[in-house]
Amino acid sequence: MKPLKTIIVMLLLLSISTYNCNAQDVKADVEKMHQLYIEMINNSNLENIDKLYTANASIRNSDATMINGLENIKNQYKATFDSGTFTISLETTDVSQLDDNHMFVSGTFVYSKTDEPKGVLKGEFVNTLKNVNGDWKILKSYRYLETTDNASIINSVYELFSKGDIPAVLALMDDEIVWNEAESNSLADGNPYIGPDAVLNGVFARIGERYKSFTLKDVKLHEMSNNQVLATLHYVLEMKNGKTYTIQAAHHWTLKDGKIVGFQQYADTKKLADSEKI
């Protein structure tokens with residue numbers, strides 16, 4: 001008969017071996033599910049949703065909105081796929097099994113729209129998975145975007161504008177940006193300008209036609225709460241007759257997920273009006 005100590009050691013080794021085997025199986029199942037999710041996003045394949053989510057699943061989007069129920073989740077993905085094509089990569093950072101039927105999975109993602117090279121979103125996800133008839137599915141999903149330095153984005157706007165790289169400036173704007181010129185500014189006749197094309201044609205193009213040169217100086221950025229940035233600055237306007245005006249201004253920017261969604265100009269509109277009389 002084997003000594004009791006030997007039997008205990010053998011049982012312990014057996015349990016460790018069984019645990020490691022189960023852990024590897026679980027991680028393999030998670031990676032298989034993640035590959036299914038990547039295939040869904042990269043190929044706009046709605047058929048994978050039933051394989052990925054439980055009937056009562058919920059999603060907390062990166063903008064803090066909540067989607068509850070499989071049909072609503074399908075509708076959200078359909079609207080996303082109707083707006084364009086996307087790619088995503090996932091990296092699993094932790095897998096923790098709670099019991100035979102539930103586990104936590106966390107990781108990081110990089111998500112981008114294929115026709116918008118600058119529209120890349122990075123962040124983290126935390127999912128609760130449920131075992132449904134032998135298949136692991138998402139019960140709850142939480143997405144969090146990587147913290148963005150909004151002031152640095154707005155600083156890029158001014159640097160790009162100063163270089164004359166207007167396409168790059170427009171690329172930093174949300175598709176539904178709401179842009180308002182200061183009241184009594186002649187460019188305010190189109191307020192609000194909705195979308196980058198409206199800003200380009202209604203504001204930037206008219207500035208290019210009106211002035212010999214339009215430059216900015218003394219730009220100071222002030223990070224505010226709720227994804228807002230205040231900029232104080234001066235415009236230096238060189239008229240086509242050679243006369244120059246320096247005009248005090250302030251810009252109030254609003255951002256969401258690294259994109260500019262709102263702009264409000266404040267300016268010395270009397271000086272702007274005086275410059276236009278020449």
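The values are calculated or read from the model by the stated rules, or taken from the named source; none is laboratory data. Quick caveat, the model's predicted, so the values are computed rather than measured. Counting neighbours? That spans all protein chains shown, and the Cβs are built from the backbone with ideal geometry, glycine included.
In segment 239-249 there is no residue matching the filter, namely being surrounded by fewer than 17 Cβ atoms within 10 Å (Cβ to Cβ) and either assigned to a helix (DSSP H, G or I) or under 28 Å from the mean Cα position of the chain (by Cα) (or both).
Filtering segment 223-232 to residues that are in a strand (DSSP E or B) and either in contact (Cβ under 8 Å) with a residue 40 or more places away in the chain or small (Gly, Ala, Ser) (or both) leaves Glu223, Gln228, Val229, Ala231. Strands (runs of 3 or more DSSP E) fully within segment 115-207 that include at least 3 residues being of a type in the set (Ser, Thr, Tyr): 135-145.
Considering only segment 178-195, state which residues are aliphatic (A, V, I, L, M), out of contact with any Phe, Trp or Tyr (no Cβ under 7 Å at 6 or more places or on another chain) and buried (at least 16 other Cβ atoms within 10 Å of the Cβ).
Val178, Leu187, Ala188
If only residues of segment 37-52 that are free of Cβ contacts under 8 Å to residues at least 12 places away in the same chain and assigned to a helix (DSSP H, G or I) are counted, the one that is nearest to Thr85 (Cα to Cα) is Glu39. Do you know which of the residues in segment 123-165 that are modelled with pLDDT under 85 and surrounded by fewer than 16 Cβ atoms within 10 Å (Cβ to Cβ) is farthest from His252 (Cα to Cα)? It comes out as Tyr144. Take segment 250-276 and flag every residue that is more than 17 Å from Phe214 (Cβ to Cβ), charged (D, E, K, R) and outside any strand (DSSP E or B). Asp257, Lys270, listed by residue number. The number of residues in segment 53-69 that are part of a strand (DSSP E or B), exposed (fewer than 15 other Cβ atoms within 10 Å of the Cβ) and of a type in the set (A, V, I, L, M) comes to 2.
Considering (1) in a helix (DSSP H, G or I); (2) in contact with a Phe, Trp or Tyr (Cβ under 9 Å, 6 or more places away or on another chain); (3) over 26 Å from Gly258 (Cα atoms), the lone condition that Asp94 does not fulfil carries the number (1). If only residues of segment 70-82 that are surrounded by 13 or more Cβ atoms within 10 Å (Cβ to Cβ) and among the aliphatic types (A, V, I, L, M) are counted, the one that is farthest from Val110 (Cα to Cα) is Leu70. Against the numbered list (1) closer than 26 Å to Asp82 by Cβ; (2) β-branched (Val, Ile, Thr); (3) at pLDDT 85 or above; (4) assigned by TED's automatic domain parsing to the domain that holds Asp82, Val120 comes up short only at (3).
When you check Asp218 against the structure, is it free of Cβ contacts under 8 Å to residues at least 24 places away in the same chain, in contact with a Leu (Cβ under 6 Å, 6 or more places away or on another chain) and of a type in the set (D, E, K, R), yes or no? Spelling it out, Asp218 is indeed free of Cβ contacts under 8 Å to residues at least 24 places away in the same chain, in contact with a Leu (Cβ under 6 Å, 6 or more places away or on another chain) and of a type in the set (D, E, K, R).
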